[in-house]
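Trainee: Sharing a structure below in structure tokens format, with a few things to ask.
The values are calculated or read from the model by the stated rules, or taken from the named source; none is laboratory data. Since the structure is predicted, the reported quantities are computational estimates derived from the model, not experimental observations. So basically every Cβ, Gly included, is an ideal-geometry build from the backbone, and we count neighbours across all protein chains shown. With ligands, DNA and RNA removed, areas are computed over all heavy atoms of the protein, side chains included. Shrake-Rupley method; radii C 1.70, N 1.55, O 1.52, S 1.80 Å.
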Amino acid sequence: MPYPLSIQMYTVRDLTKTPEDRVKVIREIGQIGYVATEGGGGKLTDDTRQLYRESGLKFSSWWAVPTADNVQQFIDIAKETGITHFIGSDGPDKFKDESSIKALAERYETAAQLLKPHGLQQLYHNHYWEFDIKHDGRYAWDVFFDQAPTLGAELDLYWASNFGAVDVPAVLRKYASRTPIVHVKDGPLVKDQPNTAVGKGKFDNKAAIAAADPNVLKWLVVELDNYVEGNDKMMDAVRDSYAYLTNAGLATGQR
């Protein structure tokens, strides 16, 4: 089934370095047909509210790992925007040994429990290292999630493949009940090589997305870390990714 399509704004970071450029790019994202963007930060400005209204855009999700000291500001953001999912991510050093994983899991589990009474969910976004580092034959990802039972996943499908070494549909099936959002990207499946537009690389996004639970998955979010044609041409990849995902029946947009 098709899912509404969002985009992580990190994708266009090199095109939004000035306020004027940010306005231009967000308007273009709306014109292309994306339903939402994945946001972040501690507050919404009046200018941002107006820009998103004009562009017909929503927020699919928000990057933050709340603590007891600041959770209310994110509850307020959720009430205003209608989002229900907050996301965080961490580096490979946090997965180097089981004591580090335990400490990280405690942080994310705390955030998840703070949000849960308000109908909100904390998610964790992976890179490749969670599926590269192993402890006693198990992926660090599995060790981590075992210790954070309230935590959900924003599974980055391409990164989770560890450049072709991991069966991503099997991972998604295993965590389907905990995965309301996936990040969609594509590329040559070669470490340190830039991304292509979705549908123009070697990763089988269609097979991976098919492994999700349609009763749980709420959003597909395009995220390209770098573009093979150069980040100055990233909007070409943004358009091409939208066209592929919607034409393939994997995603729905505004257009």
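Trainee: Which condition breaks for Glu98 when tested against (1) open to solvent by less than 80 Å² (accessible area, probe 1.4 Å); (2) under 22 Å from Trp141 (Cβ atoms); (3) in contact with a strand residue (DSSP E or B) (Cβ under 9 Å, 6 or more places away or on another chain)?
Mentor: Looking at each condition in turn, Glu98 falls short on (1).
Trainee: Being in contact (Cβ under 8 Å) with a residue 60 or more places away in the chain, open to solvent by 10 Å² or more (accessible area, probe 1.4 Å) and farther than 17 Å from Lys218 by Cβ narrows it down to one residue among Gly164, Gly137, Gly91, Gly56; which is it? I'd like the intermediate steps shown before the answer.
Mentor: Numbers: Gly164 fails: in contact (Cβ under 8 Å) with a residue 60 or more places away in the chain; Gly137 fails: in contact (Cβ under 8 Å) with a residue 60 or more places away in the chain; Gly91 fails: in contact (Cβ under 8 Å) with a residue 60 or more places away in the chain.
Every option except Gly56 fails the conditions.
Trainee: Shifting gears a bit: Quick check, is Lys174 farther than 25 Å from Leu151 by Cα, among the basic types (Lys, Arg) and free of Cβ contacts under 8 Å to residues at least 24 places away in the same chain?
Mentor: Against the criterion (farther than 25 Å from Leu151 by Cα, among the basic types (Lys, Arg) and free of Cβ contacts under 8 Å to residues at least 24 places away in the same chain), Lys174 does not qualify.
Trainee: Can you say whether Lys191 is touching a residue at least 40 places away in the same chain (Cβ under 8 Å), open to solvent by 30 Å² or more (accessible area, probe 1.4 Å) and either more than 15 Å from Ala251 (Cα to Cα) or not hydroxyl-bearing (Ser, Thr, Tyr) (or both), as far as the supplied structure shows?
Mentor: yes
Trainee: With Val182, Val171 as the choices, which residue is assigned to a strand (DSSP E or B), touching a strand residue (DSSP E or B) at 6+ places or on another chain (Cβ under 8 Å) and closer than 29 Å to Asp240 by Cβ?
Mentor: Criteria check complete, one pass: Val182.
Trainee: Right, something else. Across segment 11-53, what is the number of residues that are more than 14 Å from Met234 (Cβ to Cβ) and either open to solvent by 60 Å² or more (accessible area, probe 1.4 Å) or free of Cβ contacts under 8 Å to residues at least 24 places away in the same chain (or both)?
Mentor: Total satisfying the criteria: 14.
Trainee: Okay, moving on. Could you please find all residues in segment 204-255 being farther than 17 Å from Glu154 by Cβ, of a type in the set (Phe, Trp, Tyr) and touching a strand residue (DSSP E or B) at 6+ places or on another chain (Cβ under 8 Å)?
Mentor: Matches in segment 204-255: Tyr227, Tyr242.
Trainee: Look at Gln254 and say whether it is open to solvent by 60 Å² or more (accessible area, probe 1.4 Å), touching a residue at least 60 places away in the same chain (Cβ under 8 Å), polar (S, T, N, Q) and not in a helix (DSSP H, G or I).
Mentor: Working: open to solvent by 60 Å² or more (accessible area, probe 1.4 Å): yes; touching a residue at least 60 places away in the same chain (Cβ under 8 Å): yes; polar (S, T, N, Q): yes; not in a helix (DSSP H, G or I): yes.
Against the criterion (open to solvent by 60 Å² or more (accessible area, probe 1.4 Å), touching a residue at least 60 places away in the same chain (Cβ under 8 Å), polar (S, T, N, Q) and not in a helix (DSSP H, G or I)), Gln254 qualifies.
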